[in-house]
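Asker: Below is the structure I would like to discuss, written out as structure tokens.
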Amino acid sequence: MPKKTKKGKGILNKLRGRRPSVSASARASARGSASARGSARTTKPRAIPRKSKKTTNYTEFVSRILDPKKNCNLFLVKYKATGGGGSKSGASGIVNNYELYENKTKITDIHQEKRKHLEKIYSEEGNILCKGIGKDFINQAYLESDISILQFSRTRTTKRITKRVTKQVPEFSKRPFSLCGIICLKNLVDTAKHTNIYLDLICSRPGFGSNLLKIAENCAKTIGKTRLFLKSVDSPLPFYVYKEYTFITGQDIVDLSKEPSFSRFFADPKNILKNKGRSMYEFGITIKYSNRISSKRKLSNINILNGVKGDIDDGIAMYKDLV
């Protein structure tokens, strides 16, 4: 009987369900390559990190990230910093700095009355822009944010707001403003591989969402953040999936079919819904998104999210790595 070669042994071992023998040096090199792959692989977060108590000094970053659109070209920017000039906040040694930009040009003569006027419009119109979100939360998000960007248009506000505000500041009766968008960002505790920031609130006029989210992401990247976290309620979920935000893995199941404000998923460029999406039909039958045959129909029929973190009321936790 002819002698079996090493190659033949390998084939027999495969047929018997065994692994072929590997030398010690080969095993060591395999372990080394595996560790290298592990270090290069992006770590998935298990939860949103807690809020950081550290405050970063932001200087001259605003003009690089603003992106005016149509006639909404006025920006009120508030950011917290340690020391320096500005309006004092509750925390010791931390001040609120305010800057006003028209297009990308900084307006140097920002008076306290003008700032308060714009903040008053934010307080009055914020809950109109952010449908389904309470007025108290909107005001609190602005006060507690490390960076906030309010986008305005030089058009007439509602009569009720205009009459109330222009009595206090007569100079604005000729040039009233209206709110176009809101961004509120909070610093989070950094992890071993990522510097984190949390998008606490983002709202905009119809058609301004992509532009405003781009400003928020550019702002985070400009100040050195590598991962952006947020919580999404039901209505903007398809938008964030389209913008390549990933779900944080958890043990929660969210039934979107019972939410009247939820619109169908329309795009999934990063294949985020492959393991999370389910379609429920009559008699409680559920089908995995990845098992459906028709690529056009499977996205629009997803109405259940499985293995996510959060719920509709508090928001579903998501993140995006900023590269």
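Asker: If you plug each phi of the stretch 311-323 into the Karplus form 6.51 cos²θ - 1.76 cosθ + 1.60 with θ = phi - 60°, what whole-Hz ³J(HN,Hα) values come out, in order, with x for Gly and Pro?
Answerer: Couplings: 8, 5, 5, 8, x, 9, 6, 9, 8, 9, 7, 8, 10 Hz.
Asker: Could you sort out which of K231/K276; K114/K243; K104/K221 sit more than 25 Å apart by Cα distance in this structure? Numbers along the way, then the final one.
Answerer: Details: K231/K276 16 Å; K114/K243 35 Å; K104/K221 18 Å.
In this structure, K114/K243 lie more than 25 Å apart at Cα.
Asker: Follow-up question, since we're still on this one. Rank-order 146-152, 132-138, 199-205, 99-105 by packing density, defined as the average count of other C-beta atoms within 10 Å over each peptide's residues, highest first.
Answerer: Numbers: 146-152: 24.0, 132-138: 13.0, 199-205: 21.7, 99-105: 15.7.
Going by the mean number of other Cβ atoms within 10 Å, highest first, we get 146-152, 199-205, 99-105, 132-138.
Asker: Kirkwood hydrodynamic radius, computed over distinct alpha-carbon pairs, for the stretch 180-258: how many Å, to one decimal?
Answerer: Details: mean 1/r = 0.0723 Å⁻¹.
After inverting the pairwise mean of 1/r, the radius is 13.8 Å.
Asker: Packing-wise, with mean Cβ within 10 Å as the measure, how do 227-235, 311-319 rank, highest first?
Answerer: Numbers: 227-235: 20.4, 311-319: 17.3.
Answer by packing, highest mean first, reads 227-235, 311-319.
Asker: Here is a further query. Which of the aspartates and glutamates could be linked to K120 by a straight reach, that is with a Cα gap under 17 Å, when you skip same-chain ones fewer than 8 residues away?
Answerer: Within reach: E99, D136, E144, E171.
A short reminder: the numbers here are calculations on the coordinates, not readings from a lab. In this text the structure is predicted, and so the values were computed from the model without any measurement. Ideal geometry is used to build each Cβ from the backbone, glycine not excepted, and the neighbour counts take in all protein chains shown.
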